[in-house]
Amino acid sequence: YFFKHNSIKDEFTAKGLDRVRETLLYENLTDEEKQEYKRIADVNLQNKNVIYTAECEGEMRARLEYEPKLAHEREEKEAALATLAREREEKEAVLAALAREREEKDAILAKLDALKNNK
């Protein structure tokens, strides 16, 4: 049908027909229309490149500006966590010492009770 009528019906759904339709439309343009089409395609490509470059520059600028701040904040948080961990260890050590002292006190009291009962 394509070769006979130089067109493709909308109801045709074979794989790759979209690209053939585009090519057929382009080939049916006049020379002036083809030049305009190419000019517009070039402008669109340039615009995409400008946008991509701007996105890359923005991302780089953000990294340069914010990554040091984030690293500093991370270091501060890690230092705070280390301090909390040390304080917790110190408290646990104090609690362990108090528990030992209580055991010693209880042992002394038990000995005193035993001595009182033996008199």
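The values are calculated or read from the model by the stated rules, or taken from the named source; none is laboratory data. Predicted model, so just to flag it, every value in this text is computed and none were measured. Neighbour counts run over all protein chains shown; Cβ positions are idealised from the backbone, glycine included. Remember, those area values only see protein heavy atoms, side chains included, never the ligands or the DNA or RNA. Shrake-Rupley method; radii C 1.70, N 1.55, O 1.52, S 1.80 Å.
In this structure, TYR26 does satisfy being open to solvent by less than 80 Å² (accessible area, probe 1.4 Å), assigned to a helix (DSSP H, G or I) and without any contact (Cβ under 8 Å) to a residue 24 or more places away in the chain. Could you tell me whether ARG74 is part of a helix (DSSP H, G or I), basic (Lys, Arg) and under 37 Å from the mean Cα position of the chain (by Cα)? So ARG74 passes the test. Scanning segment 37-61 for residues that are within 28 Å of the chain's Cα centre (by Cα) and among the β-branched types (Val, Ile, Thr) yields VAL50, ILE51, THR53. Note on segment 32-69: residues that are of a type in the set (Lys, Arg) and either open to solvent by less than 90 Å² (accessible area, probe 1.4 Å) or in contact (Cβ under 8 Å) with a residue 40 or more places away in the chain (or both) total 1. Looking only at segment 1-18, residues that are among the acidic types (Asp, Glu) and either more than 41 Å from the chain's Cα centre (by Cα) or assigned to a loop (DSSP other than H, G, I, E, B) (or both) come to 2 in all.
A single member of ARG21, ARG100 is part of a helix (DSSP H, G or I), closer than 30 Å to ILE8 by Cβ and either open to solvent by less than 100 Å² (accessible area, probe 1.4 Å) or not hydrophobic (A, V, I, L, M, F, W, C) (or both), and it is ARG21.
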